[in-house]
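Encoded as structure tokens, the structure appears first; notes follow it.
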Amino acid sequence: MELTDKRALVTGATSGIGSATARSLAARGASVVLTGRDRPLGEQLVAEIQRSGGDARFVAADLAQLQDVTRLADDAGVVDVLVNCAGFYAVAPTSEIDSATFDRHFAINVKAPFFLVGALAPRMAARGGCVIINVSTMVASFGQPGMSAYGASRAAVELLTKAWAAEYGPTGVRVNAVAPGPTHTPAMEPMMAMADELIKAIPLGRVAETHEVSDVITFLATPAAGYINGATLHVDGGRTAV
Ligand SMILES: NC(=O)c1ccc[n+]([C@@H]2O[C@H](COP(=O)([O-])OP(=O)(O)OC[C@H]3O[C@@H](n4cnc5c(N)ncnc54)[C@H](OP(=O)(O)O)[C@@H]3O)[C@@H](O)[C@H]2O)c1
């Protein structure tokens, strides 16, 4: 129970990697605030964690709305571990991404974590011993046709990870990112038609299971990762190594 007495906030906790992360943090003793827009799914996961003896509650927020981001930072209370996992992507050629879709990528994937960290990190710095983990993607590291806006938004998050590691590291707040490859989650379903093509380029030759990403996020939250700061850990079966 490496995270006993730690309080965690997980965005994107109603589905996929975020929900697996919330379960995993709670199983290690953290009190977890889950957030997303889907209250029934959020409450369902809260009940599941509580049935397993964990501590969780749900706060609904639409991270495309800055006022919800600010309210979430207040409602979450004390946060020792922040996992920025919520994400949005649209697969389309650059010429077909309209202004609203472009803005949505940057609102949910960049602006929301930026202002959440802006609100929470000073409080984390005052306490020390806190951790921020940002979820990125392998396509922030190479050009993937159809994912230009998404990849660019996550590349921004990887730079923010370094900026925040430099800014808050001296106060005892570690900031890292995890960059997954294709992972079995609801978000991945529409992409499964492309799975064979994606898998061909992955040295391990398969898609990740959700726990293989959430386990790495959880590791980064624990004292075992106490000297890792400003890193992006690639959890992509070796895709960005080749
Ligand atoms: N799965 C993959 O292959 C893969 C690969 C690389 C990176 N990633 C990244 O990993 C993260 C999790 O992906 P996933 O596959 O687990 O996705 P998922 O199953 O679709 O879950 C996405 C989560 O983001 C939340 N979210 C989306 N828009 C939101 C909004 N406007 N306000 C608040 N929450 C919002 C959703 O919650 P609500 O619907 O309740 O709002 C949901 O909990 C994402 O950032 C994704 O980009 C995924």
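The values are calculated or read from the model by the stated rules, or taken from the named source; none is laboratory data. All figures in this text were calculated on a predicted structure; none of them were measured in a lab. Every residue, glycine as well, gets a Cβ built from its backbone with ideal geometry; the counts of neighbours run over all protein chains shown. Calculation scope for accessible area: heavy atoms of the full protein, side chains included, ligands and nucleic acids excluded. Shrake-Rupley method; radii C 1.70, N 1.55, O 1.52, S 1.80 Å.
Under the condition of being among the aliphatic types (A, V, I, L, M) and part of a helix (DSSP H, G or I), which residue from segment 201-226 is surrounded by the fewest Cβ atoms within 10 Å (Cβ to Cβ)?
It comes out as ALA224.
For the list (1) in a helix (DSSP H, G or I); (2) small (Gly, Ala, Ser); (3) under 17 Å from VAL81 (Cβ atoms), I need the number of the one condition that GLY42 fails.
Exception for GLY42: condition (3).
Which condition number in (1) on the phi < 0 side of the Ramachandran plot; (2) in a loop (DSSP other than H, G, I, E, B); (3) surrounded by fewer than 23 Cβ atoms within 10 Å (Cβ to Cβ) is the one that ASP5 fails?
That leaves (1) as the condition not met.
Please go through segment 30-46 and pick out each residue that is touching a residue at least 12 places away in the same chain (Cβ under 8 Å) and either within 12 Å of the ligand (Cβ to nearest atom) or loosely packed, with under 15 Cβ neighbours inside 10 Å (or both).
Passing the criteria: LEU34, THR35, GLY36, ARG37, ASP38, ARG39, LEU41, GLY42, GLU43, LEU45.
Looking at (1) open to solvent by less than 30 Å² (accessible area, probe 1.4 Å); (2) more than 14 Å from the ligand (Cβ to nearest atom); (3) within 17 Å of the chain's Cα centre (by Cα), which is the one condition that is false for ASN229?
Unmet for ASN229, out of (1) open to solvent by less than 30 Å² (accessible area, probe 1.4 Å); (2) more than 14 Å from the ligand (Cβ to nearest atom); (3) within 17 Å of the chain's Cα centre (by Cα): (1).
Quick one: is ALA30 farther than 26 Å from PRO182 by Cα and aliphatic (A, V, I, L, M)?
When the stated conditions are applied, ALA30 passes them.
Looking at SER148, SER153 in this structure, which one is more than 11 Å from the ligand (Cβ to nearest atom) and among the hydroxyl-bearing types (Ser, Thr, Tyr)?
Just one listed residue meets the conditions, SER148.
Across segment 181-200, which residue is farthest from the ligand (Cβ to nearest atom) among those that are open to solvent by less than 40 Å² (accessible area, probe 1.4 Å) and modelled with pLDDT of 90 or more?
Within segment 181-200, the match that is farthest from the ligand (Cβ to nearest atom) is GLY181.
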